[in-house]
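One structure is given below, encoded as structure tokens.
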Amino acid sequence: MNQLHDAFTLFLSLLVEAMPFLLLGVLLSSGLLFLISEKQLIAKLPKNPLLGSIVGSCIGFLFPVCECGNVPVARRLLLARVPPSVAISFLLAAPTINPIVIWSTWIAFGDRPSIVIFRVLFSSAIATIVGCVFSIQPDTRELLQTSFAKRMKPIVDVKLDRSPLLQSGTFLLGQGKPIPFDDSLSVGVQSDNASNLKTKWQLFFTNLLQEFSELGGMLIFGSAIAAIIQVFVPREIILGLGHDTITSIVAMMLLAAIVSICSTVDSFFALSFASTFTSGSLLAFLVFGPTIDIKSIGLMASIFKPKIIIYIFTLVAQLTFIFTLAYSYFLG
Amino acid sequence: MRSKSISNKQKIFSWLEGLGLLAWGTLLLKYSFTGQYKLLIHPNYFSLVLGSGIVLIILGTIKVKSILNNKLQKNSEHISLFPPGLGSSLLLLVAIAGLIIPPKILTSQTALKRGVGDLPLTTIQPQAFRTATKPEERSLIEWIRTINAYPEPDAYSGQPANITGFVLHLPELPDNYIMLSRFVITCCAVDAYPIGIPVKLDASRSNYPVDSWLTVEGIAIAETLPVKDRIETNAITEKRSVVIEAKAIETIPTPADPYSYR
């Protein structure tokens, strides 16, 4: 009973620490959907694959979205004929390379600044490398889900129409060719700019609440797992896993794949392992976690061919492993 | 009929969402005003918690108002892993549980599990060796920091000490020693780790039960004591350590802010 109460206290402490960041995250991501013109952004993207990947991995600063929000945006980018290298880099980097995530990581790991710095460096490096790898394939459609590529009719789009940024525009069905992105069809923001501030506010509000409930549910789930592991799993087992350089990295990467906690608050989750696991493995969790979770795989499956998703995750996992191993040996 | 049942369902989800927001806002405000937040997080983040509490209350009020005015806009479906309503139900449930069950102060049990004594290897950061602080004004954590920065036990011999902490009985220590301990919080209770300094009593430690809080006045001495490595090997080794020889001990009630912060 005592232990249960301990676990509950730790669970609450994670939630109370994370809640402000979750709130800030959804406030900003809902708000910025209305403020940033995607069209202008796309026009400015560089064509060179390397530059494109680098820029792609930095767009996260403009779209502070975590895993949940980046897939729809990446899909929009692809539809707008942005090179896949940019879209994939964005997909992988956006959940980490954004101001709120960096801030919350700093709060959790301020006493170990190298974790914060290398989280950003490794994530952008991995996103850029994977983006470059996929830029070798010149035909975007080889990468995309057949139905998505054939008609360029986004399967999931119907459901997402609510967000002006994510509107699919008009496509001729069955013609095999998308209509190029067009001014009048582009972003809803322009059309109702003056007309309906109220609708805009309502959209903002609905989006906000939905994201908050969903990510909050996910956060509760993740925090419960963290608290239970801390209190009920015998310390010997955790220490045994956590003190070895390699097993600790593998264990934390596995945990990252299982616990789909939002990247805005995942550093607090990692913090609960801070005294027992190596810094390298915490870093592996923080780098790998945002790129992979059950929810984002479901979403990605609507865009990419399964083979491509496997390639992406294998690459990301290997790179994370190598980078964090190097970090453990040279700096940890 | 069908459309009616759907709209009823929608209404329930909306209520769950609205009440969830209000409940979380209330919970965060309650922690802020009762000071219970100190048991959960580092006080630096007090304003974040307070601010979020206020924002959540505002959002919840807007939501509930819009339900009452029957101005529900159609909830567009959102791609989600959860069935609709599950996220908000969880939020609501946890907030209610939090309002009913107060947070608990971590105790000796957790301290033993987490390994008391030195700062955990990973969190040791060199601290400035501040000779400026008078020894009798050092708190428990300041003693540990100073000793970590300059770990020569004999250097402290004869210094007066006046420290507060809770009692921990370590089996490897002789019967007239207690470990006076405190938890240190970096960010939130999840990362709390125990620190402690051995206190030499003139009688058996059974007079001072585990988890009771004491203020100890005494003098630092250097002694060789058995130290158990709880992090890796569990081996007991002899180690020359700083020990506080108690001159006066006062039992105090559990302080409102039992943790130290860094």
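For this structure, a couple of remarks:
- If you filter region A:278-295 down to residues that are open to solvent by less than 10 Å² (accessible area, probe 1.4 Å) and at the interface with chain B (Cβ under 10 Å from one of its Cβ atoms), you find that the one that is modelled with the highest pLDDT is A:LEU282.
- Meets criteria (of a type outside the set (Gly, Ala, Ser) and modelled with pLDDT of 80 or more) for A:PRO46: no
Okay, residues lined up against (1) at pLDDT below 80; (2) in the same structural domain as B:LEU39 (by TED's automatic domain parsing); (3) among the aromatic types (Phe, Trp, Tyr):
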site: B:ILE195; (1), (2), (3): no, no, no
site: B:ARG205; (1), (2), (3): no, no, no
site: B:TYR208; (1), (2), (3): no, no, yes
site: B:ASP211; (1), (2), (3): no, no, no
site: B:LEU214; (1), (2), (3): no, no, no
site: B:LEU225; (1), (2), (3): no, no, no
site: B:ASP229; (1), (2), (3): yes, no, no
site: B:GLU232; (1), (2), (3): yes, no, no
site: B:SER241; (1), (2), (3): no, no, no
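- Residue within region A:186-197 that is open to solvent by 10 Å² or more (accessible area, probe 1.4 Å) and either within 12 Å of chain B (Cβ to nearest Cβ) or at pLDDT 70 or above (or both) present: yes
- Annotation note: Cβ proximity below 6 Å between a residue of region B:29-43 that is facing chain A (nearest Cβ under 8 Å) and assigned to a loop (DSSP other than H, G, I, E, B) and a residue that is of a type outside the set (D, E, K, R) and open to solvent by 10 Å² or more (accessible area, probe 1.4 Å) (sequence gap 6+ or interchain) occurs for B:LEU40/B:PRO103.
- A:SER248 being out of contact with any Cys (no Cβ under 6 Å at 6 or more places or on another chain) and at the interface with another protein chain (Cβ under 10 Å from one of its Cβ atoms): no
- Residue count, region B:164-185 (criterion: of a type in the set (S, T, N, Q) and open to solvent by 30 Å² or more (accessible area, probe 1.4 Å)): 2
- Top-ranked residue of region A:220-257 - restricted to ones that are under 30 Å from A:MET1 (Cβ atoms) and among the polar types (S, T, N, Q), ranked as modelled with the lowest pLDDT: A:GLN230
- Considering (1) at pLDDT 85 or above; (2) hydrophobic (A, V, I, L, M, F, W, C); (3) buried (at least 22 other Cβ atoms within 10 Å of the Cβ), the lone condition that A:ILE59 does not fulfil carries the number (1).
- Qualifying positions in region B:197-223 - in contact (Cβ under 8 Å) with a residue 60 or more places away in the chain and open to solvent by less than 10 Å² (accessible area, probe 1.4 Å): B:ALA220
- Listed by first and then second residue, the pairs linking a residue in region A:224-235 that is more than 9 Å from chain B (Cβ to nearest Cβ) to a residue that is hydroxyl-bearing (Ser, Thr, Tyr) and open to solvent by less than 30 Å² (accessible area, probe 1.4 Å), with Cβ atoms under 8 Å apart and 6 or more places separating them unless they lie on different chains, are A:ILE229/A:SER272.
- Filtered by the rule that a residue be touching a residue at least 24 places away in the same chain (Cβ under 8 Å), open to solvent by 40 Å² or more (accessible area, probe 1.4 Å) and within 24 Å of B:ALA192 (Cα to Cα), region B:133-163 gives B:GLU137, B:SER139, B:ASN148, B:ASN162.
- Residue within region B:53-66 that is surrounded by 15 or more Cβ atoms within 10 Å (Cβ to Cβ) and modelled with pLDDT under 90 present: yes
- Enumeration of residues in region A:119-128 that are in contact with a Ser or Thr (Cβ under 8 Å, 6 or more places away or on another chain) and either open to solvent by 10 Å² or more (accessible area, probe 1.4 Å) or more than 19 Å from A:ILE261 (Cα to Cα) (or both): A:VAL120, A:PHE122, A:SER124, A:ILE126, A:ALA127, A:THR128
- The condition (being over 30 Å from B:LEU180 (Cα atoms) and at pLDDT below 90) is satisfied by just one residue among B:LEU72, B:LEU50, B:LEU90: B:LEU72.
The values are calculated or read from the model by the stated rules, or taken from the named source; none is laboratory data. Since this is a predicted model, take the numbers as computed values, not measurements. Ideal geometry is used to build each Cβ from the backbone, glycine not excepted, and the neighbour counts take in all protein chains shown. What goes into the accessible areas is simple: the full protein's heavy atoms, side chains included, and nothing from ligands, DNA or RNA. Shrake-Rupley method; radii C 1.70, N 1.55, O 1.52, S 1.80 Å.
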